[in-house]
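Trainee: Okay, handing you the structure first.
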Amino acid sequence: MGSSAMYHLASQGAKVLGLESQPEAPHTQGSHHGLTRITRLAYAEHPSYVPILRRSFVLWKQLEQETGRKLLTPTGCINFSPESSPEGVSCFKGALASALEHGLEHSVMTAKECHAKYPGYCLPEGYEATFEPMGGVLCPEECIAAHLEAAQRKGARLVTGAKVKSWSADPAGGPVSVTTEDGATYTGKRLIIAAGAWMPVLVPELKTLLKVERQVVGWFSLTGNPANFEPTTFPVAVFDDESGYETDPDAVDREVTLEDEGTLRVAVERYFPEAAGPMTRAAVCLFTNTPDENFLIDRHPRHEQVIICSACSGHGFKFGSVIGEILKDLTLQGSTPLDIEFLRFSEERKGHADVLQAFASNL
């Protein structure tokens, strides 16, 4: 999100400084590394994401054209779930609801129909699936590199190895200041904090709200017909699953174990048996989760010149292009034309009342 914000701000002629705690960017310590991330439009998590996602597709395409990098491969997307899976859990029911609410192109299939049309899929009997043509695969490290490359061409400055020690903001809305562990201090008019799993460190009031989770991503080799796993024949998949455990981002076990591989392999063998060959690559990444698993994008409750962006709850990368634009709008204009009310601080959101009280108590 930070690289995208740098790009969009620099595109408007703003003077932009980005601070990255790791020695290089992109890096392998956060939530974005690896070969692939899924994108889609019929969004199971919440139908209010759909207009934001529409804009993300436009912006990813624009970034491709500007940088000459291949970022997005269209594949379509299949959301599937057991018929017995309840609303609020079922990826199928959630995606279908979003498709119907927003008039998105889609089709519904039984497990048998899904296999007949897409032989790489072998869903158990009693599953239901919905296909949407707008799904695809993003190359996350390429996306970040593209944003940073374009931002720096437009005059933005990136400082790597700059681990933030503290920050402060003028209570009257004046300058902000950031100090890094090497003793450097940077000042500016506005501050965007997009620190991912380290958000509770930089904004302590969020410690009770945000939970960091260890997750493993893996890539497997094919054992079946490669023709069944081309972008035109194998849509990306979204299905009901729960795994991972809470962790400290500075002490997380980054070694991928046989148990980790086994957890991934169970799902691959069950649903995509011809893609369950040897695991060729794997990585540990971090999810930063809110209780309702929706993002957190808003002004700091005490400092209007500070914007908080984090807690994408394991489903945020696809939004990277548009969230950067939203952050630009909030920074330069104070508002955004996209509806992000459901992503802001609100006492109605689970866990937010206590957090807002914590902000108020620290005045």
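The values are calculated or read from the model by the stated rules, or taken from the named source; none is laboratory data. Everything quoted here is computed from the prediction, not taken from an experiment. Because the Cβ atoms are built from the backbone with ideal geometry, glycine has one as well, and the counts that use them run over all protein chains shown.
Trainee: Pick from segment 28-45 the residues that are farther than 17 Å from A237 by Cα and hydroxyl-bearing (S, T, Y): which of them is surrounded by the fewest Cβ atoms within 10 Å (Cβ to Cβ)?
Mentor: T28
Trainee: Output yes when any residue across segment 126-146 is surrounded by fewer than 15 Cβ atoms within 10 Å (Cβ to Cβ) and not β-branched (V, I, T), and no when none is. Don't jump to the end; show me each part of the working.
Mentor: The first filter runs over segment 126-146 and keeps only residues surrounded by fewer than 15 Cβ atoms within 10 Å (Cβ to Cβ), leaving 126.
Filter once more, keeping what is not β-branched (V, I, T): 126.
Yes, there is a match, as at least one residue in segment 126-146 is surrounded by fewer than 15 Cβ atoms within 10 Å (Cβ to Cβ) and not β-branched (V, I, T).
Trainee: Also, quick follow-up: The conditions are (1) part of a loop (DSSP other than H, G, I, E, B); (2) in contact with a strand residue (DSSP E or B) (Cβ under 9 Å, 6 or more places away or on another chain), and V201 fails exactly one of them. Which is it?
Mentor: Against the list (1) part of a loop (DSSP other than H, G, I, E, B); (2) in contact with a strand residue (DSSP E or B) (Cβ under 9 Å, 6 or more places away or on another chain), V201 comes up short only on (1).
Trainee: Here is a check on your reading of the model: is G174 in contact (Cβ under 8 Å) with a residue 12 or more places away in the chain, in a loop (DSSP other than H, G, I, E, B) and not hydroxyl-bearing (S, T, Y)? Please lay out each step first, then the result.
Mentor: Values: in contact (Cβ under 8 Å) with a residue 12 or more places away in the chain: yes; in a loop (DSSP other than H, G, I, E, B): yes; not hydroxyl-bearing (S, T, Y): yes.
Criteria met by G174.
Trainee: Just one of the numbered conditions (1) surrounded by 14 or more Cβ atoms within 10 Å (Cβ to Cβ); (2) farther than 30 Å from S84 by Cα; (3) not charged (D, E, K, R) is not true of G155; which one?
Mentor: Checking G155 against (1) surrounded by 14 or more Cβ atoms within 10 Å (Cβ to Cβ); (2) farther than 30 Å from S84 by Cα; (3) not charged (D, E, K, R), the one that fails is (1).
Trainee: For segment 105-142, what are the residues that are under 30 Å from G2 (Cα atoms) and either of a type outside the set (D, E, K, R) or free of Cβ contacts under 8 Å to residues at least 24 places away in the same chain (or both)?
Mentor: In the first step, residues of segment 105-142 are kept if they are under 30 Å from G2 (Cα atoms); the result is 132-142.
Those that are under 30 Å from G2 (Cα atoms) and either of a type outside the set (D, E, K, R) or free of Cβ contacts under 8 Å to residues at least 24 places away in the same chain (or both): P133, M134, G135, G136, V137, L138, C139, P140.
Trainee: Pick out the one residue from E213, E181, E246, E242 that is free of Cβ contacts under 8 Å to residues at least 24 places away in the same chain and within 30 Å of V137 (Cα to Cα).
Mentor: Result of the check over E213, E181, E246, E242: E242.
Trainee: Another one. Could you check how many residues of segment 100-125 are among the charged types (D, E, K, R), surrounded by 13 or more Cβ atoms within 10 Å (Cβ to Cβ) and farther than 29 Å from L71 by Cα?
Mentor: Matching residues across segment 100-125 total 1.
Trainee: Can you confirm whether segment 242-258 contains a residue that is under 27 Å from E125 (Cβ atoms) and not in a strand (DSSP E or B)? Reasoning before the result, please.
Mentor: Within segment 242-258, the first condition is being under 27 Å from E125 (Cβ atoms), and the residues that meet it are 242-243.
Within this subset, residues satisfying the condition of being not in a strand (DSSP E or B) are 242-243.
Within segment 242-258, one or more residues are under 27 Å from E125 (Cβ atoms) and not in a strand (DSSP E or B).
Trainee: Answer yes or no as to whether S321 is without any contact (Cβ under 8 Å) to a residue 60 or more places away in the chain, of a type in the set (S, T, Y) and farther than 27 Å from G120 by Cβ.
Mentor: No, not satisfied.
Trainee: Looking at segment 66-80, can you tell me whether even one residue there is under 30 Å from L191 (Cβ atoms) and not in a loop (DSSP other than H, G, I, E, B)?
Mentor: From segment 66-80, those under 30 Å from L191 (Cβ atoms) are 66-67, 69, 71; that's our starting set.
Those left that are additionally not in a loop (DSSP other than H, G, I, E, B): 66-67.
Yes, there is a match, as at least one residue in segment 66-80 is under 30 Å from L191 (Cβ atoms) and not in a loop (DSSP other than H, G, I, E, B).
Trainee: List every residue pair whose Cβ atoms sit under 9 Å apart, with the two residues 6 or more apart in sequence or on different chains, where the first one lies in segment 59-78 and is over 14 Å from G320 (Cβ atoms) and without any contact (Cβ under 8 Å) to a residue 40 or more places away in the chain and the second, anywhere, is crowded, with 20+ Cβ neighbours inside 10 Å and not small (G, A, S).
Mentor: So the pair list comes out empty.
Trainee: Let me ask something additional. Could you list, ordered by first residue, the pairs with Cβ atoms under 8 Å in which the first is in segment 334-354 and among the aromatic types (F, W, Y) and the second is at pLDDT 95 or above and part of a helix (DSSP H, G or I), at least 6 apart or interchain?
Mentor: Sorted first by the residue in segment 334-354, then by its partner, the pairs are F342/S48; F345/H352; F345/V355; F345/L356.
Trainee: Which one is modelled with the lowest pLDDT, of the residues in segment 239-261 that are farther than 21 Å from A129 by Cα and surrounded by 15 or more Cβ atoms within 10 Å (Cβ to Cβ)? Before the answer, list the steps.
Mentor: Applying the first criterion (farther than 21 Å from A129 by Cα) to segment 239-261 yields 243-261.
Remaining after also requiring surrounded by 15 or more Cβ atoms within 10 Å (Cβ to Cβ): 244, 247, 249, 252, 256, 260-261.
Details: G244: 78, T247: 93, P249: 92, V252: 93, V256: 95, D260: 95, E261: 96.
Looking at residues that are farther than 21 Å from A129 by Cα and surrounded by 15 or more Cβ atoms within 10 Å (Cβ to Cβ), I get G244.
Trainee: OK, next. Find the residue count for segment 311-335, including only residues that are within 16 Å of S4 (Cβ to Cβ), polar (S, T, N, Q) and under 9 Å from the mean Cα position of the chain (by Cα).
Mentor: Matching residues across segment 311-335 total 0.
Trainee: If F234 satisfies every condition in (1) in a loop (DSSP other than H, G, I, E, B); (2) modelled with pLDDT under 95 but one, which is the exception?
Mentor: Unmet for F234, out of (1) in a loop (DSSP other than H, G, I, E, B); (2) modelled with pLDDT under 95: (2).
Trainee: Looking at (1) touching a strand residue (DSSP E or B) at 6+ places or on another chain (Cβ under 6 Å); (2) surrounded by 14 or more Cβ atoms within 10 Å (Cβ to Cβ); (3) at negative phi, which one does E181 not meet, given that it meets all the others?
Mentor: The number of the failed condition is (2).
Trainee: Yes or no: segment 7-27 includes at least one residue that is buried (at least 24 other Cβ atoms within 10 Å of the Cβ), in contact with a His (Cβ under 7 Å, 6 or more places away or on another chain), in a helix (DSSP H, G or I) and modelled with pLDDT of 95 or more.
Mentor: yes
Trainee: Given the conditions (1) within 19 Å of the chain's Cα centre (by Cα); (2) at pLDDT 95 or above; (3) more than 18 Å from A44 (Cα to Cα), and given that H303 satisfies all but one, which numbered condition is not satisfied?
Mentor: Looking at each condition in turn, H303 falls short on (1).
Trainee: Something else now. Could you check segment 217-229 and list, in sequence order, the residues that are within 23 Å of F317 (Cβ to Cβ) and modelled with pLDDT of 95 or more?
Mentor: Pass one, segment 217-229, residues within 23 Å of F317 (Cβ to Cβ): 217-220, 229.
Result: G218, W219, F220, F229.
Trainee: Let me ask you something else. Condition first: part of a strand (DSSP E or B) and either surrounded by 14 or more Cβ atoms within 10 Å (Cβ to Cβ) or not aliphatic (A, V, I, L, M) (or both). Can you find one or more residues in segment 220-231 that meet it? Spell out how you get there, then give the answer.
Mentor: First pass over segment 220-231, keeping only residues part of a strand (DSSP E or B): 220.
Okay, now just the ones that are also either surrounded by 14 or more Cβ atoms within 10 Å (Cβ to Cβ) or not aliphatic (A, V, I, L, M) (or both), so 220.
Yes, some residue in segment 220-231 is part of a strand (DSSP E or B) and either surrounded by 14 or more Cβ atoms within 10 Å (Cβ to Cβ) or not aliphatic (A, V, I, L, M) (or both).
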